[in-house]
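The values are calculated or read from the model by the stated rules, or taken from the named source; none is laboratory data. Everything numeric in this text was worked out from a predicted model, so none of it was measured. Counting neighbours? That spans all protein chains shown, and the Cβs are built from the backbone with ideal geometry, glycine included.
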Amino acid sequence: MDIPYTTQLREDTNLFNAKVGIWLFLASEVMLFGALFSSYILLRVGATPGTWPHGLLNIPIGTFNTTVLITSSITVVMAWASLKMGNFGKFKLYQAITLLCALGFLTITTFEYRDKFTHYEVWKKDGTRMTGHIDGTPWFWKTETLKEKKIDSITLHPDAHHYTEPRHRGAAAESEHTGHAEPVRIASADIQRLSAFVPGHSTYFAIYFTLTALHALHVLGGAIVIGYLWGPGSKMWRTDPERFTNRIEVSGLFWHFVDLVWIFLFPVLYLL
């Protein structure tokens, strides 16, 4: 028995079934991410002036990841267009590039997360604040960790440009002309708070990890579907090429949505 409207268009929507389904699914996704973006806006607007972190993310890496995803959107379209023209070989090539872009994006995100887990902010009791890496690149240290490990002091390699206000710059201000700050030894007794760039650091990083991790899961899910259609699922091309082409179009619509979410995430989290 044939399933109706897999290739033929429905009379009520003028779309085939899979396309109706993906548009309904994407509508729910818009509500999900819309709620998260709205929460971000409300939390940021309601934050005490001067307390919202700025400049703590790596903009060049974020820009490169944006370029990777935009490139993958282009190759998804080219893969679908190749099938419309009956060129299965080019479809395989373009979708292979899409999968490589997805893998590259996730790999870069993993390295970026790793840097956050070893990147610290120090709040000193004299009111100054510094960010940087601690000797030994420890993971997930907190103020309590210094007491538990009986650590008398830490050696911080400060970031020279994370804070622009003099009261926040501490020792990093000494090397502004070189863009590189000398290591600073800080006594544990002088530290009011110590935190890596993890969700517990601030509301900002809690939002950052929630949004970027959820987006990364969508990238992974989309890559799995595209990978299946590129590999075992591509056998349908020989038996029902029109239905297979429709499947590629549907998976492409989801991929474009994933890319569009990142295009909003990048300026909101990295630039503003």
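Looking only at region 42-60, residues that are over 18 Å from the mean Cα position of the chain (by Cα), closer than 30 Å to T118 by Cβ and either in a helix (DSSP H, G or I) or of a type in the set (D, E) (or both) come to 2 in all. Pick out the one residue from L194, L229, L271, L260 that is touching a residue at least 24 places away in the same chain (Cβ under 8 Å), under 19 Å from the mean Cα position of the chain (by Cα) and either over 20 Å from T66 (Cβ atoms) or surrounded by fewer than 20 Cβ atoms within 10 Å (Cβ to Cβ) (or both). The conditions single out L271. Within region 59-70, if we keep just the residues that are surrounded by fewer than 17 Cβ atoms within 10 Å (Cβ to Cβ) and in contact (Cβ under 8 Å) with a residue 60 or more places away in the chain, the residue that is farthest from V268 (Cα to Cα) turns out to be I70.
Just so you know, in region 71-86 the residues that are in contact (Cβ under 8 Å) with a residue 60 or more places away in the chain and touching a Phe, Trp or Tyr at 6+ places or on another chain (Cβ under 9 Å) include one that is farthest from F205 (Cα to Cα), and it is L83. Residue check, Y113 against (1) surrounded by fewer than 17 Cβ atoms within 10 Å (Cβ to Cβ); (2) out of contact with any Phe, Trp or Tyr (no Cβ under 9 Å at 6 or more places or on another chain); (3) among the hydroxyl-bearing types (S, T, Y), all met but one. Which one? Unmet condition: (2).
Residue by residue, here is whether (1) farther than 16 Å from Y208 by Cβ; (2) aliphatic (A, V, I, L, M); (3) modelled with pLDDT of 90 or more holds:
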site: G34; (1), (2), (3): yes, no, yes
site: W52; (1), (2), (3): no, no, no
site: I61; (1), (2), (3): no, yes, yes
site: L69; (1), (2), (3): yes, yes, yes
